[in-house]
Protein chains: 2
Amino acid sequence: MSDNPAPPADLAASADPGEFGIGLRYSLHPASDNFVDVILGAISATEQAGVSDGLTVQTDEVSTLVRATRAPAEQLLADYLTRTVAEATARMNGGHLVTHVLFSRGCPGEITCEIGDLAPPEVSPITLEPTGVDAVAQWSLYPLMDGGSAHGPHLAPIERAIEQARAADVRVEASNFSTRLRGDLAAVVATMTNAWAGVGTEIPHVVTHATISINSPSPKEQS
Amino acid sequence: MSDNPAPPADLAASADPGEFGIGLRYSLHPASDNFVDVILGAISATEQAGVSDGLTVQTDEVSTLVRATRAPAEQLLADYLTRTVAEATARMNGGHLVTHVLFSRGCPGEITCEIGDLAPPEVSPITLEPTGVDAVAQWSLYPLMDGGSAHGPHLAPIERAIEQARAADVRVEASNFSTRLRGDLAAVVATMTNAWAGVGTEIPHVVTHATISINSPSPKEQS
């Protein structure tokens, strides 16, 4: 046995956020004839504020892909999403805006998810300043089993994440096929981000989707 | 042993679509000041055409929940979604419209998914008439492991579904965190519905999400 053997490459302490495929896709849907200006204005304002530092941002026909290139990935992504949605809301003058977002981790490629033996990056809970924007979101959290963790009680992390959400600064309501979150935009984004990242410490490939509605003209539900 | 024992209730041949939680949630996002008329007009026209027969339709603050109450559940749901989106598109006069949809099966409840020993309902591939509406969709397919099938190669059904999609009348393009489908609205909906239902014959709880974009002003990608 030699002294100081080099550690095997696939046993690195933890992956960087890029290698681990930590990022999101989002799309803004202003219910307005002026939607192009709202979207481009919000994205531009967020970039000019420096909130996209540490991220790569790439807009295509359907959505914008945002990937973290450094830690703290979850905080950078949540800051970016919250700021962009708040900037778009400010440009709507009280009008209706919907955002769709999916956060993904553990699947850096396209169809296949090859992370080998990379250990998940360290995760710390994120915090966001309140925005003053009221939001209601349809939220789903999906631990996927293709990342090498095909055993164990997979509903348990979801139930734990929902319990933690109940303790946060949002109202959590069960609904068919999804969970409803209601509160300040920042609290909604923080809740879904922390749940997704928290499950990600147990299961490598985790995706979460939310449809976040602001200033809907539909009457609020009683609950 | 008695003659003709009654079969145990939990060994019924197959669940009805309601018991198995086969349904969808969708939301229409017209990029228009006139969005309320577009949405309500499309839903109303679809109902008046009888395309919501066999379904329960319930609109809330964020989205509309559509559940099948009889077979063929997948065909009824796909017909409904395609017709409603086509009706909304017709009301946009060439303007930009985005639809977000999630199809779910195998989780009839809210947070927990208790289908017991129900066998999945029979599934037949669906067919839809072309609509003449060009669509591009960001599509994701998620087999979930909480339904009692926690063993086996879970990426295999996904890869098979994507192979089948490639053989269908859509263009299939890999992209990060999702797959891109491009073609007639009906072909896009048929592809995602058949993939979701097909995986559902192997894994009880399967969810698929799509963000379907029509008449986007963004330049089409070369590929």
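The values are calculated or read from the model by the stated rules, or taken from the named source; none is laboratory data. Since the structure is predicted, the reported quantities are computational estimates derived from the model, not experimental observations. Virtual Cβ from ideal backbone geometry, glycine too; neighbours counted across all protein chains shown. The protein model used for the area step is the full one, side chains on, heavy atoms only, and it has no ligands, DNA or RNA in it. Shrake-Rupley method; radii C 1.70, N 1.55, O 1.52, S 1.80 Å.
Return the average number of partner chain Cβ atoms within 10 angstrom of each residue Cβ along peptide A:30-38.
The shielding value for this peptide is 5.
Lys/Arg Cβ at +1, Asp/Glu Cβ at -1, dipole of the protein assembly as shown taken about the Cα centre: which of B:His205, A:Val51, A:Asn194 is farthest positive-ward?
Positive-most Cα among the choices belongs to A:Val51.
Would segment A:43-106 count as rounded, prolate or oblate if I go by the C-alpha gyration tensor, calling it rounded below 1.5 in a/c and otherwise prolate when a/b exceeds b/c, oblate otherwise?
prolate
Pop out a list of residues from segment A:200-215 that are at least 10 Å² less accessible with all the protein chains around than in their chain alone; 1.4 Å probe, no ligands or nucleic acids counted.
A:Val207, A:His209, A:Thr211, A:Ser213
Per residue, how much accessible area does the protein assembly as shown show when a 1.4 Å probe rolls over the protein heavy atoms, in square angstrom?
That works out to 42 Å² for each residue.
Kindly express, to the nearest 10 degrees and within the range 0 to 90, the angle between helix A:35-48's C-alpha long axis and the longest C-alpha principal axis of chain A.
Helix A:35-48 sits roughly 50 degrees off the main axis of chain A.
If you take the accessible area of B alone plus A alone and subtract the pair, what total do you get in square angstrom, rounded to 100, with a 1.4 Å probe?
What B and A bury together is about 5200 Å².
For segment B:60-77, just list the computed ³J(HN,Hα) in residue order, Karplus coefficients 6.51, -1.76 and 1.60, θ = phi - 60°, integers in Hz, with x standing in for Gly and Pro.
With the stated coefficients, segment B:60-77 comes to 10, 4, 10, 7, 10, 8, 10, 10, 7, 10, 8, 7, x, 4, 5, 5, 4, 5 Hz.
Distances in nm, one decimal, shortest first, from B:Ser124 to the same residue in every other copy, taking the label point 7 angstrom along Cα→Cβ.
Those separations, rounded to one decimal, come out as 5.9 nm.
Which one of A:Gly18, A:Thr69, A:Ser32 is farthest out on the positive end of the charge dipole of chain A, using unit charges on Cβ (Lys, Arg +1; Asp, Glu -1) and the Cα centre as origin?
Positive-most Cα among the choices belongs to A:Ser32.
Dipole magnitude of segment B:18-83 about its Cα centre, charges +1 at Lys/Arg Cβ and -1 at Asp/Glu Cβ only, in debye to the nearest 20?
Values: 4 positive and 9 negative charges, 35 e Å.
Computed charge dipole of segment B:18-83: roughly 180 debye.
What is the distance in Å between the Cα centroid of segment B:169-199 and that of segment A:55-69?
So the separation of the two Cα centres works out to 21 Å.
Give me a single rounded figure for A:18-28: the average over its residues of other chain Cβ atoms within 10 Å of their Cβ.
The per-residue average across the peptide is 2.
Treating the beta-carbon of each Lys and Arg as +1 and of each Asp and Glu as -1, no other charges, what is the dipole magnitude of the protein assembly as shown about its Cα centre, to the nearest 20 debye?
600
Angle between the Cα long axis of helix A:155-166 and the longest principal axis of chain A, 0 to 90 degrees, nearest 10?
Once rounded, one gets 40 degrees.
Just want to confirm a number: the relative contact order over chain B, from Cα pairs under 8 angstrom separated by 6+ residues, in percent.
That works out to 26 percent.
First compute the accessible area of the protein assembly as shown with a 1.4 Å probe, then give the percent of it belonging to carbon and sulfur atoms.
50
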